[in-house]
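A quick write-up on the structure given underneath.
The values are calculated or read from the model by the stated rules, or taken from the named source; none is laboratory data. If you're wondering where the values come from, they're calculated on a predicted model, not measured in any experiment. We place every Cβ from the backbone using ideal geometry, glycine too, and count neighbours over all the protein chains shown.
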Amino acid sequence: MIKVHINCDMAESYGNLKVGNDKAILPLVDAVNIACGFHGGDPLTIETTIYAAIELGIEVGAHPSYPDLSGFGRRHMEMSAQELSACLRYQICAIKSITESLGGKLNHVKAHGALYNTAAKNKREAEIIVNTVYSIDPHLKIFAPYGSEMAKAASSKGMAVMFESFADRSYDSDGFLVSRSIDGSVISDPKNVLTQVSNILNGHLKSMDGNMIPIHSDTICVHGDHATVVESLILIRKTFGQKTNA
């Protein structure tokens with residue numbers, strides 16, 4: 001049976017605002033991308049999620065964003081290179097230190113939301129992210145879309161790249177994620193999520209306008225804040241096998 005590597009954006013609850021069902025999700029994924037407090041994630045949520053992931057042998061990654069807590073990191077922000085780099089370093093180093101203090105080791109970095117989408121296409125943002133991560137620890141992996149500017153920047157620095165695709169998001173014909181402002185951008189039906197995963201594992205996926213586009217993926221993301229994520233993950237595991245680190 002195929003073993004698929006699944007990552008999930010997690011620890012995004014903030015105070016009384018509860019986001020996702022981290023406890024139910026954790027046993028079903030191989031890697032977690034931990035919110036760093038700038039789009040979601042309060043200190044207790046971050047710490048308890050990292051600790052639980054370490055206990056389960058799950059890869060821990062930092063999930064930094066633009067400083068956009070009120071917009072959940074999904075709004076583009078114009079920042080100078082120095083400001084963005086400092087913002088990223090603050091977030092990544094916090095998650096790295098917490099992980100190490102709890103007996104674990106940070107595995108990767110994956111940008112969040114608008115920052116991720118911008119860096120997929122924009123060489124400037126991509127290089128700022130990669131150069132900052134490299135300066136913190138050149139052995140950290142970078143999660144990035146196949147063929148993206150971020151993947152190219154990481155490869156040029158000799159950093160390991162995990163090419164990422166999304167099980168629960170729609171793509172355009174150029175292989176980029178469709179804006180969340182467009183109806184149908186989020187795939188919520190677990191059966192449709194499963195179909196997308198199946199297509200990805202076969203090296204292609206269907207764009208919103210019906211075209212089949214090639215894709216290479218080392219890890220498949222599901223979003224922890226989507227309502228049907230647990231149901232989707234259970235269906236994926238039943239169909240394609242258990243965790244790669246099981």
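Taken over segment 19-50, the criterion of being in contact (Cβ under 8 Å) with a residue 40 or more places away in the chain and of a type in the set (A, V, I, L, M) is satisfied by Val19, Ala24, Ile25, Leu28, Val29, Ala31, Ile34, Ala35, Ile46, Ile50.
Within segment 227-246, if we keep just the residues that are at pLDDT below 90 and small (Gly, Ala, Ser), the residue that is surrounded by the most Cβ atoms within 10 Å (Cβ to Cβ) turns out to be Gly241.
For (1) surrounded by fewer than 17 Cβ atoms within 10 Å (Cβ to Cβ); (2) not basic (Lys, Arg), each residue gets a yes or a no:
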position: Tyr116; (1), (2): no, yes
position: Met162; (1), (2): no, yes
position: Leu177; (1), (2): yes, yes
position: Arg180; (1), (2): yes, no
position: Ile187; (1), (2): no, yes
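Taken over segment 51-85, the criterion of being in contact (Cβ under 8 Å) with a residue 24 or more places away in the chain, assigned to a helix (DSSP H, G or I) and within 23 Å of Thr219 (Cα to Cα) is satisfied by Tyr51, Ala52, Ala53, Ile54. Among the residues making up segment 103-119, those that are in a helix (DSSP H, G or I) and touching a helix residue (DSSP H, G or I) at 6+ places or on another chain (Cβ under 6 Å) are Thr118, Ala119.
With the condition kept exactly as written, say whether any residue in segment 97-109 is among the acidic types (Asp, Glu) and either farther than 23 Å from Thr45 by Cβ or touching a residue at least 60 places away in the same chain (Cβ under 8 Å) (or both). The answer is no, given that none of the residues of segment 97-109 is among the acidic types (Asp, Glu) and either farther than 23 Å from Thr45 by Cβ or touching a residue at least 60 places away in the same chain (Cβ under 8 Å) (or both).
Annotation: Phe166 fulfils all but one of (1) in contact (Cβ under 8 Å) with a residue 24 or more places away in the chain; (2) over 25 Å from Arg75 (Cα atoms); (3) in contact with a strand residue (DSSP E or B) (Cβ under 7 Å, 6 or more places away or on another chain); the unmet one is (2).
Assess whether Ala153 counts as being of a type in the set (A, V, I, L, M), surrounded by 15 or more Cβ atoms within 10 Å (Cβ to Cβ), more than 25 Å from Ile58 (Cβ to Cβ) and in contact (Cβ under 8 Å) with a residue 24 or more places away in the chain. Yes, satisfied. State the number of residues belonging to segment 79-136 that are under 17 Å from Ser156 (Cβ atoms) and of a type in the set (Asp, Glu). Total meeting the criteria: 2.
Listed by first and then second residue, the pairs linking a residue in segment 128-147 that is farther than 19 Å from Gly104 by Cα and in contact (Cβ under 8 Å) with a residue 40 or more places away in the chain to a residue that is hydroxyl-bearing (Ser, Thr, Tyr) and assigned to a helix (DSSP H, G or I), with Cβ atoms under 8 Å apart and 6 or more places separating them unless they lie on different chains, are Ile128/Ser85; Asn131/Ser85; Thr132/Ser85. Within segment 26-58, being surrounded by 21 or more Cβ atoms within 10 Å (Cβ to Cβ), farther than 13 Å from Ile98 by Cα, hydrophobic (A, V, I, L, M, F, W, C) and in contact with a helix residue (DSSP H, G or I) (Cβ under 8 Å, 6 or more places away or on another chain) holds for Val29, Val32, Phe38, Ile58.
In this structure, is Glu78 closer than 30 Å to Ser179 by Cβ and crowded, with 18+ Cβ neighbours inside 10 Å? It is false that Glu78 is closer than 30 Å to Ser179 by Cβ and crowded, with 18+ Cβ neighbours inside 10 Å.
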